[in-house]
1. Exactly one of these conditions fails for Ser347: (1) polar (S, T, N, Q); (2) open to solvent by less than 10 Å² (accessible area, probe 1.4 Å); (3) modelled with pLDDT of 90 or more. Give me its number.
2. Can you tell me which residue is modelled with the highest pLDDT among those in the stretch 174-209 that are part of a loop (DSSP other than H, G, I, E, B) and either in contact with a helix residue (DSSP H, G or I) (Cβ under 8 Å, 6 or more places away or on another chain) or open to solvent by less than 30 Å² (accessible area, probe 1.4 Å) (or both)?
3. Give the residue that is modelled with the highest pLDDT, with candidates limited to residues of the stretch 402-428 that are open to solvent by 30 Å² or more (accessible area, probe 1.4 Å) and in a helix (DSSP H, G or I).
4. If I go through the stretch 380-401 residue by residue, how many of them are open to solvent by 20 Å² or more (accessible area, probe 1.4 Å), closer than 24 Å to Thr263 by Cα and among the hydrophobic types (A, V, I, L, M, F, W, C)?
5. Would you point out which residue out of Ala323, Ala328 is within 28 Å of Ala77 (Cβ to Cβ) and either of a type outside the set (Gly, Ala, Ser) or modelled with pLDDT of 85 or more (or both)?
6. Go through the stretch 381-394 and count every residue that is farther than 20 Å from Ala339 by Cα and either part of a strand (DSSP E or B) or at pLDDT 80 or above (or both).
7. If I go through the stretch 315-327 residue by residue, how many of them are touching an Asp or Glu at 6+ places or on another chain (Cβ under 7 Å) and within 20 Å of Thr378 (Cβ to Cβ)?
8. Pick from Leu239, Leu230: which is in contact with a His (Cβ under 9 Å, 6 or more places away or on another chain) and open to solvent by less than 20 Å² (accessible area, probe 1.4 Å)?
Amino acid sequence: MARICLAMALVLAGCGAGSSKEDAASDAGPVSVHPPPDAGPTGLVPQTPPGVDRLTTGERGAALALDGQRLYWASQAYAANAGDDQILLRSMPRAGGAATTLANLPGVMSGASVGGSTGGVELLSADQDALYLSAVNCSRDPANSYGCSPAVSREASAVLYRVAKAGGAVTTVDPASRSLASAPPQISGTRSYLTQDPQPLLGKPGCLQITNLGGSHCIDRGMYHYGPLLLDDAGVFYLRDGDVFRAGLDAPADPVDTDGEWTESGAAVPAPQAVTPSASATVLAPAGLLNSMAIDEDNVYWTAGSDSLYAGSLQAVPKAGGAPVTLAALRGSGYDLDASTSSLIFSHFTDDGLSFSGIRRLSKQGGALEWLGRPVRTLVDGDSIVYQDTEGSLYRADLDGGNRVSLGVNQPQMSWGGFTVSNGEIFW
């Protein structure tokens, strides 16, 4: 959807006083990876199911390739300056072991379907001698504002790169001269495999599913973002929250579906401060791109954007004034921010393929930046969430995403302007 931003400074008008109430790596590995697992307010803890081996820890992998000896993946390393984001091409033996970085290049992995295809071009593929990767270049020129955003790929064209498996220099390739191999089939004999992302609003965990003549079951399930998978004669390699895992072709069912991992976290909101009455307006934050704003008794909150869609943030400042605090970095844009409960809830839009778009929630005490589902717009109405899904239908659910009820309304165009609820009625 189109991003509409307002360039403004936050200003508080005169008011009364408020109350004071196991990457096994032989090198350093990726930089700027996601923080260590954070159990967060829901107590999610990552687990490795029986019959599954975790091969890496701390990666942000988003594409896989496999040959007769080694496993390869592209890992995104984000930097504070979007123009310095790096793609690392990583490798390890198929049997597991030390991971090495073959090469790095500036950019972000193109497209929202990372590890799949964009315009029919596989993002990562291997032949006998080399790896091939399609990526969008970063802008290091301050005059060129698009940064590393594939969402504005009309301004930034994807480049096809070649890297020798032995490592060395990264070279560009004419796409017309190189047709990347299709992803390997996801079928082995009578077995087929697929990954499914979780649907928290429906109470469904994510799943790496195996189906055969005897039925189907989840080899790995939980609150995880499952990426692409590859098969060989002995097992299935797959990405889970950016890390590489390997399971046997006949791995048993995962007995636990209540585990998970929030790979993004945020800080606690500022402590309450007394507001001094003033007859004049007070500037609370400098001018910038403001996408959405909310207040509670003590603070002002907003989601801030930038010229790069990958350098957004969730920020806060006390009503009494002071330095703005960044509560969480956002790889994308935030809208529909609400601060009326003990958490900050907002809609999040991202195209990087590594983070979830949809409803995000951060406790005001800090902790995990949770993901509740993929709706395009949302608002909080008392003790429930009203949201619109990607098809335009409206639903109501509890604040934790449970007990979903259809409201019997389908208005796809509503996502452009949002909606509101008043006295039990919906307006858009």
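1. The failed condition is (3).
2. The selected residue is Pro198.
3. Residue satisfying both the conditions and the ranking: Gly417.
4. Total satisfying the criteria: 1.
5. Ala328
6. 2
7. Going through the stretch 315-327 one residue at a time, the tally reaches 0.
8. Of the residues listed, the single one that is in contact with a His (Cβ under 9 Å, 6 or more places away or on another chain) and open to solvent by less than 20 Å² (accessible area, probe 1.4 Å) is Leu239.
The values are calculated or read from the model by the stated rules, or taken from the named source; none is laboratory data. Just so you know, these numbers come straight off a predicted model, no measurement behind them. Cβ sites come from the backbone with ideal geometry, for glycine too, and all protein chains shown count toward neighbours. Only protein heavy atoms, including side chains, enter the accessible area calculation; ligands, DNA and RNA are left aside. Shrake-Rupley method; radii C 1.70, N 1.55, O 1.52, S 1.80 Å.
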